[in-house]
1. What is the sum of charges, Lys and Arg at +1 and Asp and Glu at -1, for the other residues whose Cβ falls under 15 Å from the Cβ of residue 555?
2. Within 10 Å, count the other beta carbons around each residue, average over each peptide in 182-188, 522-528, and list them highest first.
3. What net charge do the residues around residue 229 carry, taking every other residue with its C-beta under 14 Å from that of residue 229, with Lys and Arg at +1 and Asp and Glu at -1?
4. From a point 7 Å beyond the Cα of residue 513 in the direction of its Cβ, which residues of segment 451-485 have a backbone N at a distance under 16 Å?
5. So what is the relative contact order of segment 453-564, in percent, for Cα pairs below 8 Å that sit 6 or more residues apart?
6. Which value does Rg/Rh take for segment 148-299 over its C-alpha atoms, Rh per Kirkwood?
7. Can you compute the modelled spin-label distance between residue 338 and residue 457, with each label point 7 Å from Cα toward Cβ, in nm?
8. Which order, highest average first, do 544-552, 387-395, 232-240 follow once you tally other Cβ atoms within 10 Å for each residue and take the mean per peptide?
Amino acid sequence: MKNDKYLPPEPTALGFASAPTEIPQSYPPPSYSQHENPPQGYPPQVYSPQGYPPQVYPPQGYPQQGFPPQVHPQQVYPQHSYPPPQNYAPPPSQHFEPPPTQSPPQQNIIFVRPSSWYKRTAMNRPQSNVLTPASIIFLTGGMNIAWSIGFRHQIYYNVSTHVSIAWFIGAIIGAAISAFLPKAIPRKVITLFCSMLVLIGGIVNCSTHYNLDALEANLYLNGIANGLVFAPTLALAGELAVFYMRGKISTSIEQLSFNLGIFVQVMLSSGYSSSSYHSAGYNPERVSGIIAAVLGFMGLVIGAFLFVESPVDLVASGREQAATDALRRLQRHRAPSDQTLAQLEEHKRYVADNERLSKEKSFRCATPAFIKLCLLRGLNAVCISSFFFEMIYRANSVYLWGQEHFILFGACRLLGSVLASIFVDFLGRKIPLLVGLAGSTSFAFAAGSEVVFGYRNTETWLYTFQFFAGLTFTISSAYLSEAYPLKVKQSFISFTYIIEMVVFIIIGTSDLIDEFLYIIGGLLAAAFFLSIVWMPETRRTTLRGAQQKFRGFITCCNNFNESS
């Protein structure tokens, strides 16, 4: 077969049988894909690097087509001006300090004070229960104070001076030991040990009859127990009591207990005659020994089961959970409440403020309070000393053992103390103090003027004087529990107590004249005017606020804002 595919066309009658088309054809045909290989015999396709379309070649054997060459103008692209390169180095490091954190404002009131007296008493009863063993010890101490200043059976009236001041010497020994006791010794151990001393002294006293050696041993043991427990108890009373009952708890535990013991001993010594003393072998000293032994045993039992350590000491030692549990128990909460946590935060602030004070600065801050309270406690010793027993004895001109005169003396003193304990958190500390000082000053001068006229109506003035004295000096217990800085609190309370005992000894060993009443009146008048500017009002304040108010001699210069 003849393949005429690539032969020139044959001429026919009408011309060429087949002529090339008017439209130039390009190879490969459009049906072929440019990405596929062309059929064999076709020239290879060449692609320019500029991306132009491929050139079209005419088929072989065909005449060269006269197409004018296509001129593609070269495109001129505009030159773009780019910005100079920038320095992309990291910015210099800057020191950013966080904003200072502001501590939350401190509240003046720890929590809401219950409006009902019954609710306040019932809620805070455990705080008094903790201090009951010490209150029992102070009651027996009051009995021995009354015995030492003269309220004893007449058979002991002429005992030696050493025996009559033995209790005060023992109290000084105990207080001196307490001032330097390390804080590592728990207060519960101290309280139980002192209760044991009271128990032993009571057994010694009640197991003998008219035995001066046994009586003196009892006085020393009881005095040491009272002096040893005094400072830890007053410090503990201020630390565990809620701020709205601190005055009541501290006054009722200390001065009210002492005055109650004085009243009990006055009743015992006034109820026995000389004949019954010798015939029955049953004397007031033996009865007081039995009472002391029973009370000492009660103190051991109560202290062993109900004692709670100070939450302030627990916070200071880093035992926060134990402090929370102690606060919960002191207010009969089954679980820590908002009140418990608020009290815990206040104790933390109190400890933190005192930790910033060095021992030297704490000593300087405690000095003004020490001078003020030594004046009050020294006057307390003067107003219940053996001098007033002598005044009442001379006013009656005869031995009135078993009569009601001495009982009135003890009852008036106790009544003033009871009223002060009731109103110390209602009226405050300063108002009862000033009223008591003014009244005792007036009746001291009135009794002194009656002595000049032969003791006429002197008893009445002396009894009224004791009422106002009890009202005045009961307030000092509240001040002692809150005045001194934490680091030196126990030591300074002990030193204040020692000064009081020294005044007892000085008056008990001195021969005083009747005009001494005028001296007492002058001292009380000076204390009245000084207390106006000296003594602060610490009612319903925290321990931090009360401590700040005692740091200077002038009260108006020591106003403390707890929110600062």
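1. Working: positive: 372, 429, 430, 539, 549, 551; negative: 482, 537.
Net charge around residue 555: +4.
2. Numbers: 182-188: 12.6, 522-528: 18.3.
With the highest mean Cβ count within 10 Å placed first, the list reads 522-528, 182-188.
3. Details: positive: 187, 188; negative: 254.
Computed value for this residue: +1.
4. In segment 451-485, the label zone of residue 513 (backbone N under 16 Å from the point 7 Å along Cα→Cβ) covers 451-454.
5. Relative contact order, segment 453-564: 22 percent.
6. Details: Rg = 16.6 Å, Rh = 16.5 Å.
In segment 148-299, Rg relative to Rh is 1.01.
7. 5.9
8. On the way: 544-552: 21.3, 387-395: 19.1, 232-240: 26.8.
Averaged packing, sorted descending, gives the order 232-240, 544-552, 387-395.
The values are calculated or read from the model by the stated rules, or taken from the named source; none is laboratory data. No experiment lies behind these values; they were computed from the predicted model shown. Don't worry about glycine lacking a Cβ; one is built from the backbone with ideal geometry, like all the others, and counts go over all protein chains shown. SASA here: full protein model, heavy atoms, side chains in, ligands and nucleic acids out. Shrake-Rupley method; radii C 1.70, N 1.55, O 1.52, S 1.80 Å.
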